[in-house]
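Before any comments, here is the structure.
Please treat every number below as a calculation from the coordinates, not as lab data. Predicted model only: the values in this text are computed from it and were never measured. All Cβ positions, glycine included, derive from the backbone under ideal geometry; neighbour counts span all protein chains shown.
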Amino acid sequence: LSSELTSAAQASATACHLPHKLLINGAWVDASDGETFPIIDPRNEQTILNAASASAVDVDKAVNAAREAFDEGPWPKMSAKERGRTLFKLADLMESHSEKLALLETLDNGKPLSVARAADVPLSVDHLRYYAGWADKIHGKTISVDGPAWAYTLHEPVGVVAQIIPWNFPLLMAMWKIAPALACGNTVILKVAEQTPLTALLLGQLALEAGIPPGVLNILTGFGPQAGAPLCSHRGVDKVAFTGSTEVGRYVGKMAAANLKPCTLELGGKSPIIVDKDVDIDDVVLKAHSGLFFNHGQCCAAGSRTFIHADIYDEFVEKAVAVAQKQKVGDPFTDVNLGPLIDAEQFNKVMNYIASGEVEGAVLRTGGRRLGSEGFYVEPTVFSDVSDNMSIGRDEIFGPVQCLMKFHSLEEVIRRANDTHYGLASGIFSNNVHTINKLTRAIRAGTVWVNCYNVYDAAVPFGGWKDSGIGVEKGEYALQNYTKVKAVYQRLEDPAW
Ligand code: ADP
């Protein structure tokens, strides 16, 4: 227990030593109006620290700094190799501060420290290295054309990029955004989620230490309407990238469109997990469990509709309940599977969905209650007999609530899995290659995981179809978000050509 207490104390001490300010033009500054807001510890609802609350004035300063850094250089003009080396250096610094980053992530977000250590931090470092490697491998094409002429394309950085991220994977989402943008030579204003600014503050310090020039990476803490909206609608921004709710994404998309700026959106989901009758039930129960309960269900790609073949449905339900009941919920600095939800708003939303599930006739098999009287702890909750038209079967809950549904035929489950406005991810568990092939092609979603779930690799693209978003992040595909194609048509003087 003493080492656990030490971890929590270390996390608080690390947080206290962070700059509680905005990073603009390479300097840590207070909000121009001096406003601050409390960052709440989801374990006990106490204030961890007060962060600077950016407003439109600060956004303007940050955009101007990014503009100047882009227009005057050196970042977009330096050799691509050197840019890559700077990003590799940042990745090395992050790695050497892994433990601090993990402690801060757990303190801020409430995810188990074991998860922050094993997933959030190493995936973030890996992501940055992946794009650092791309920096000097971005190039256009030569094109043969009629006449004494030739043509080629240049893939140039877009310019000043506004990026807004959510609270569920604060460091990793920051990295999904800034790594490709910086590798391509853009300058960035990153607006982090108001709930979870801590790892971004350490990241900002490390970026300065790595030698990322002033104005290239600006970090704003603050709220959506006060800081996010002015950022998205700023005329000095050349591209907007957003991860968050579908509701806010629509609004962000409109603001970007009003300025005719390209915009990538990574939004919500209600992703199906389809379990065929021929699977190893014990194994798939575990995988479907973590497909939903990972990060307390606070994942845009959470497998929040589990369709189980009728032949194995009863056994699957019984085993899914047993697995959920075994999970330890508690202080994320201790040896637990689940910590608290992020905040009061999310907690209330999840509890309301649980209540609606019962009212609408789903069978609450386990969980459903708050744990303790302080902090946002919710029991792992499993509903069976969920039907497609129930709120818990249709809406994104973003919490530890597993919805089990029965299906009889492939045609039926394809229709039902696709009967959603969302199209982010999906999972198929089967040992029948024909079933797998048919489902992978029939599911209308940006990701299909086959006999696995929630697996992320920096090289593999990720993006939502339908109301789950526009565009893709990660992998080589994301380079297109952060480069513009310039066509150069060049006349040759020698007619012999
Ligand atoms: P969640 O429901 O997961 O909190 P949100 O979509 O509300 O997701 O928030 C995701 C990010 O969008 C956060 O950084 C938040 O501050 C920001 N945000 C919220 N409202 C707006 C807005 N009106 N304009 C721009 N950004 C916003």
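Order these by the 10 Å Cβ neighbour count, fewest first: Cys16, Cys184.
Placing the least packed residue first, the sequence is Cys16, Cys184.
Each residue of the range 137-152 in turn: what ³J(HN,Hα) in whole Hz from Karplus with 6.51, -1.76, 1.60 and θ = phi - 60°, glycine and Pro shown as x?
Karplus-based 3J(HN,Hα) across the range 137-152 equals 10, 9, 8, x, 10, 9, 10, 7, 10, 5, x, x, 7, 9, 9, 8 Hz.
At a Förster distance of 35 Å, what's the computed FRET efficiency of Ala355 paired with Lys326, Cβ-Cβ distance as r, to 0.05?
0.90
I want to check the label-to-label distance for Asp33 and His421. Put each point 7 Å from Cα in the C-beta direction and report it in nm to one decimal.
Spacing of the two 7 Å Cα→Cβ label points: 3.2 nm.
Starting from the amide H of Val450, placed 1.01 Å from N in the peptide plane, find each other amide H under 5 Å away whose residue is 5 or more places distant or on another chain.
Long-range HN contacts for Val450: Ile428.
Neighbouring Cβ atoms within 10 Å as the yardstick, rank His17, His309, His127 fewest first.
Listing His17, His309, His127 from fewest to most nearby Cβ atoms yields His17, His309, His127.
For Lys484, list long-range residues whose amide hydrogen, built 1.01 Å from N in the peptide plane, is under 5 Å from its own amide hydrogen.
Long-range HN contacts for Lys484: Glu156, Val158.
What whole-number value in cubic angstrom gives the convex hull volume per residue for the C-alpha atoms of the range 1-160?
About 158 Å³ per residue, rounded to a whole number.
Could you work out the relative contact order of the range 354-393? I mean the mean sequence separation of Cα pairs under 8 Å and 6+ apart, divided by the number of residues, in percent.
43 percent.
Per the helix-only calculation at 222 nm, which mean residue ellipticity applies to the chain, given -39500 (n - 2.57) for every DSSP H run of n ≥ 4 and division by its residues, nearest 500 deg cm²/dmol?
Helix contribution divided over all residues of the chain: -11500 deg cm²/dmol.
For Ile40, enumerate residues with amide H under 5 Å from its amide H, sequence gap 5+ or separate chain, H modeled in the peptide plane.
Close amide H contacts, sequence-distant or interchain: Ile48.
If I take R0 = 30 Å and measure r between the Cβ atoms of Asp60 and Lys484 in this structure, what FRET efficiency does the formula 1/(1 + (r/R0)^6) give, to the nearest 0.05?
0.80
So what are the ³J(HN,Hα) numbers for the range 41-50, from phi and the Karplus equation (6.51, -1.76, 1.60; θ = phi - 60°), rounded to whole Hz, Gly and Pro as x?
My calculation for the range 41-50 gives 6, x, 6, 9, 6, 8, 7, 7, 6, 9 Hz in order.
D for the chain, whole µm²/s, Stokes-Einstein with Kirkwood Rh over alpha-carbon pairs at 25 °C and 0.890 mPa s: what number?
D = 104 µm²/s.
For Glu476 and Glu68, what does the FRET efficiency come to when R0 = 41 Å and r is the distance between their Cβ atoms, rounded to the nearest 0.05?
Efficiency, rounded to the nearest 0.05: 0.85.
Determine the distance separating the Cα centre of the range 66-122 from the Cα centre of the range 198-234; give it in Å without decimals.
The range 66-122 and the range 198-234 have Cα centres separated by 12 Å.
For the range 172-178, in order, what is each residue's ³J(HN,Hα) by Karplus, 6.51 cos²θ - 1.76 cosθ + 1.60 with θ = phi - 60°, in whole Hz (x at glycine and Pro)?
5, 5, 4, 6, 4, 7, 6
Given contacts defined as C-alpha pairs under 8 Å and at least six residues apart, what's the relative contact order of the chain, whole-number percent?
18
Could you check the spin-label model distance between Ala257 and Glu156? Points 7 Å from the Cα along Cα→Cβ, value in nm.
A separation of 2.8 nm, rounded to one decimal place.
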